[in-house]
Amino acid sequence: MIETTIRGTAAGVPFLAAPPDGDRAAAPVVLTWHLLSAPNTPESFAAAIPLAGLDAWRIHLGLPISGERLPAGGAEEVMRLGYADAVRNLQYPIPRQAASEFPAALAALRTRFGIADDAPLGLVGGSAGAAALLLALAEGAPAAAAVAISPVVRLKDATDATGRTFGIAYPWDAETLALVAELDFVARAGELGDVALRIVLGAEDDAAGFHEPARALAAARPGTDLVVVEGMGHEPVPPHAARVDALAVEWLRAHLR
């Protein structure tokens, strides 16, 4: 776990921050978004993916409708929302809101911690948090480097994969197909800018839901790096978390300049 931490909110977004060892004004700043499954809070994501040894601001953001921002009724209400309509209630609005609130949160964090406007920016996200990352990039986030862990690259594919796991086919209609089109980052590959992007997949993750879309994105976007972690499923948890963390740090250290 990060030894020195600062908790707070930035433009309404809860965060857990660890400062750099060096110059706090000029050091790079790395923002992360956790998964909806484990690790599913800023604290648990910081424990699993601490970005160990990276001399940068490491600021772990909380996703909407989770953690400190659970709705009334808590996890049971989230489960009810998911059963009622997973796409409309959770899978689309969570990354959509996270990406929308990102610019104001980043500005507030820069002001609060005295981070220079030209300090290099990195992004890290897992699963739905990686969808938020990719959407933020598509909407102009000025990141130099990003690491997407088990990313939801095409929400429709990920939703269908979850449905197969639970034996429930999601009832797509014109409205929800339009929503997931916004989160089709193979189709939007050209909008992701010139960020140095690494994708980290678990070898045991679902092929159609995660591997195939990630490989399609890498093919559509030359220069995208894709690494497969043997033995890992969807979640970057022990014993594989340390390997994922090392891959993230290696990439960020190389590209945050």
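The values are calculated or read from the model by the stated rules, or taken from the named source; none is laboratory data. Since we're looking at a predicted model, the values are computed, not measured. Every residue, glycine as well, gets a Cβ built from its backbone with ideal geometry; the counts of neighbours run over all protein chains shown.
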Item to check | Where Ile199 falls short, out of the listed (1) in contact (Cβ under 8 Å) with a residue 40 or more places away in the chain; (2) farther than 22 Å from Glu139 by Cα; (3) outside any loop (DSSP other than H, G, I, E, B); (4) touching an Asp or Glu at 6+ places or on another chain (Cβ under 8 Å) | outcome: (2)
Next on the checklist: Given (1) more than 18 Å from the chain's Cα centre (by Cα); (2) within 27 Å of Gly82 (Cα to Cα), identify the lone condition not met by Gly53.
Outcome noted: (2)
Checklist outcome for this item: Residue pairs qualifying under the 9 Å Cβ cut-off, at least six apart or on distinct chains, with the first in segment 121-144 being on the phi > 0 side of the Ramachandran plot and the second being β-branched (Val, Ile, Thr), are Ser127/Ile149; Ser127/Val152
Item to check | Those strands (runs of 3 or more DSSP E) lying entirely in segment 1-76 with at least 2 residues closer than 17 Å to Leu133 by Cα | outcome: 13-18, 29-33, 57-61
Item to check | Answer from Ala116, Ala75 - the residue that is among the hydrophobic types (A, V, I, L, M, F, W, C), modelled with pLDDT under 95 and more than 17 Å from Leu16 (Cα to Cα) | outcome: Ala75
Checklist entry - Restricting attention to segment 185-208, and to residues there that are of a type in the set (Asp, Glu) and surrounded by fewer than 18 Cβ atoms within 10 Å (Cβ to Cβ), which single residue is nearest to Arg257 (Cα to Cα)? => result Asp194
Item to check | Members of segment 91-104 that are crowded, with 22+ Cβ neighbours inside 10 Å, in contact with a Gly (Cβ under 8 Å, 6 or more places away or on another chain) and either more than 15 Å from Arg69 (Cα to Cα) or not small (Gly, Ala, Ser) (or both) | outcome: Pro95
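Yes or no: Val228 assigned to a strand (DSSP E or B) and at pLDDT 95 or above?
Here the answer is yes, as Val228 does meet what is asked.
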Checklist entry - List pairs: first in segment 151-178 and over 21 Å from Gly129 (Cα atoms), second at pLDDT 95 or above, Cβ under 7 Å, 6+ apart or cross-chain? => result Tyr170/Ala86; Tyr170/Val87; Tyr170/Thr159; Tyr170/Asp160
Next on the checklist: Checking the conditions here, which among Ala241, Ala219 is in contact with a helix residue (DSSP H, G or I) (Cβ under 8 Å, 6 or more places away or on another chain) and modelled with pLDDT of 95 or more?
Outcome noted: Ala241
Next on the checklist: What pairs come out if I take residues in segment 86-102 that are within 19 Å of Ala75 (Cβ to Cβ) and assigned to a helix (DSSP H, G or I) and pair them with residues that are of a type in the set (Ser, Thr, Tyr) and modelled with pLDDT under 95 whose C-beta lies under 8 Å away, six or more apart or interchain?
Outcome noted: Ala86/Thr162
Checklist entry - Can you tell which of Arg110, Arg80 is within 30 Å of Gly140 (Cβ to Cβ), modelled with pLDDT of 95 or more and not in a loop (DSSP other than H, G, I, E, B)? => result Arg110
Checklist entry - If we keep just the residues of segment 4-23 that are out of contact with any Leu (no Cβ under 9 Å at 6 or more places or on another chain) and either aromatic (Phe, Trp, Tyr) or modelled with pLDDT of 95 or more (or both), which is farthest from Ala56 (Cα to Cα)? => result Gly12
Checklist entry - Residues in segment 165-177: is at least one of a type in the set (Ser, Thr, Tyr), modelled with pLDDT under 95, farther than 26 Å from Asp245 by Cβ and not in a loop (DSSP other than H, G, I, E, B)? => result yes
Item to check | Filter result for the condition that a residue is surrounded by fewer than 22 Cβ atoms within 10 Å (Cβ to Cβ), of a type outside the set (D, E, K, R), at positive phi and without any contact (Cβ under 8 Å) to a residue 24 or more places away in the chain, over Gly67, Gly82, Gly74, Gly53 | outcome: Gly74
Next on the checklist: Given the criterion under 18 Å from Thr224 (Cβ atoms), within 14 Å of the chain's Cα centre (by Cα) and part of a loop (DSSP other than H, G, I, E, B), identify the matching residue among Ala148, Ala141.
Outcome noted: Ala141
